[in-house]
Amino acid sequence: MSAESALSIREVTKTFPTPEGGEVRALDSVSLEVADGSFTVLLGPSGCGKTTLLRCIAGLESPDSGEIDLKGQRIDDVPVWKRRVNTVFQSYALFPHMTVAQNIAFGLEMDKLPKAQIQQKVGAALEMVRLSDLGARRPSQLSGGQQQRVALARALAKEPEVLLLDEPLSALDLKLRRGMQMELKRLQRETSITFVLVTHDQDEAMSMGDLVAVFDSGRIVQVGPPREVYLSPRTRFVADFIGEANLLEGAAAGGRIDIPGFGDVADEAMSAGSAPPQDGPVIVAVRPENVVLRPDPTGNGTIVDATFIGGDLHVEVAVGDTLLSVRQGGPGSEALAVGALVRVGFAPGSARIVEP
Ligand code: ADP
Ligand code: MG
């Protein structure tokens, strides 16, 4: 555990019994350090264990094994209400019979804060989420986006060490969601509260997180800044789940990589971070924007589809039985008509060996 960790999660495992008498391992030895004051995003497809981890942190679920520290203090045995952690759920869970201001004040009243202080904190929280004029309304008199802001204000007013957000924006339509993403970034910066946000939306994760932790079936398979996770995916799953990737199966022998239909992959095409491959089967990941197509009547590829989308040419090229996805911007793309023969290569340093 490092001194600046807000949360330190070590080898947390959680299983649930299934109705069939078996068990599902929702979390499989998950470890994660969340830096104090950071915006960390847990990203993964539905059912991979994200909510279970948040519930373990919040104390709504207890791990089978492992340890969770909040600001250096073990919290596994601390009851929910004593943990300085608040959660914002997708369903806003507001009290319908209370006004907005009463909803925000509720938790502070539970903490038995003086009235004047509660009023001041409620006012500040409303201002923070830009709802100062709507304190007297009831939740039913607000839009979905406004209700979400109230839920946020209620959580922030408690000044938690860590704010957990479980897919908080998924009920909002796309345009509102983009706006709220920026809003959440701003709130995190202004409050310096550590945010841990769960999402299955890779764009959301990439645009919001200082750090992204990618989940695959109950395990964290990669943690890093968004750019690093995109540029240097460690596994096939990460390469495929984040952005788009061509995953090419080949074989390594004596440090050379051969991909059927492509021949030997040039050394300079391989990313610098790749370790020299062991002899045997390998998977090489290449992003669509890093596939280079050169018109060539003796080429190894045939263009099977070419479509302009938003100024980029999206090309599908067949190399033997393999179909590659390619993005081409700028000049030269007019030669890439359907049926054209091309030599298919990879941009320098862009091909990466990924774990199966
Ligand atoms: P996510 O939030 O990533 O969609 P969850 O953490 O909700 O995933 O679920 C992870 C796995 O654990 C799933 O297979 C889910 O069905 C199972 N699970 C979660 N909560 C329970 C529970 N209370 N009882 C039984 N199985 C559960
Ligand atoms: Mg979930």
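The values are calculated or read from the model by the stated rules, or taken from the named source; none is laboratory data. Nothing here was measured: the structure is a model prediction, and the numbers come from that model. Using ideal geometry, Cβ is built from the backbone for each residue, glycine included, and neighbour counts are taken over all protein chains shown.
Among the candidates F106, F39, the residue that is aromatic (F, W, Y) and touching a helix residue (DSSP H, G or I) at 6+ places or on another chain (Cβ under 7 Å) is uniquely F39. Taking every residue in region 183-199 that is within 14 Å of A155 (Cα to Cα) and not assigned by TED's automatic domain parsing to the domain that holds E33 and pairing it with any residue that is modelled with pLDDT of 95 or more and basic (K, R), at least 6 positions away or on another chain, yields no pair with a Cβ-Cβ distance below 6 Å.
In region 257-275, the count of residues that are touching a Cys at 6+ places or on another chain (Cβ under 8 Å) and crowded, with 17+ Cβ neighbours inside 10 Å is zero.
Determine whether L113 is of a type outside the set (S, T, N, Q) and either within 16 Å of ligand 2 (Cβ to nearest atom) or modelled with pLDDT under 95 (or both). Answer is yes for this residue. Filter region 19-51 for residues that are surrounded by fewer than 22 Cβ atoms within 10 Å (Cβ to Cβ), under 18 Å from L197 (Cα atoms) and within 10 Å of ligand 1 (Cβ to nearest atom); which is nearest to the chain's Cα centre (by Cα)? Once the filter is applied, the top-ranked residue is P45.
Inspection of region 203-223 identifies at least one residue that is within 18 Å of L164 (Cα to Cα) and in contact with a Cys (Cβ under 8 Å, 6 or more places away or on another chain).
Mind checking whether some residue in region 82-94 is out of contact with any strand residue (DSSP E or B) (no Cβ under 9 Å at 6 or more places or on another chain) and within 13 Å of ligand 2 (Cβ to nearest atom)? Looking through region 82-94, at least one residue is out of contact with any strand residue (DSSP E or B) (no Cβ under 9 Å at 6 or more places or on another chain) and within 13 Å of ligand 2 (Cβ to nearest atom). Is it the case, given these coordinates, that G339 is over 18 Å from Y230 (Cα atoms), modelled with pLDDT under 90 and out of contact with any helix residue (DSSP H, G or I) (no Cβ under 8 Å at 6 or more places or on another chain)? When the stated conditions are applied, G339 does not pass them. Going by the structure shown, is K175 buried (at least 19 other Cβ atoms within 10 Å of the Cβ), assigned to a helix (DSSP H, G or I) and without any contact (Cβ under 8 Å) to a residue 40 or more places away in the chain? Taking the combined requirement at face value, the residue does not satisfy it.
For region 1-25, a tally of residues being in contact (Cβ under 8 Å) with a residue 60 or more places away in the chain and more than 18 Å from L164 (Cα to Cα) returns 3.
For D296, the conditions (1) farther than 24 Å from R343 by Cβ; (2) more than 29 Å from the chain's Cα centre (by Cα) all hold with the exception of (1). Return yes or no: is I68 more than 13 Å from ligand 2 (Cβ to nearest atom) and assigned to a strand (DSSP E or B)? Yes.
No other residue among I9, I57 is buried (at least 20 other Cβ atoms within 10 Å of the Cβ) and assigned to a strand (DSSP E or B) apart from I9.
Among strands (runs of 3 or more DSSP E) entirely within region 265-330, having at least 3 residues that are touching a Pro at 6+ places or on another chain (Cβ under 7 Å) and touching a residue at least 12 places away in the same chain (Cβ under 8 Å) singles out 322-328.
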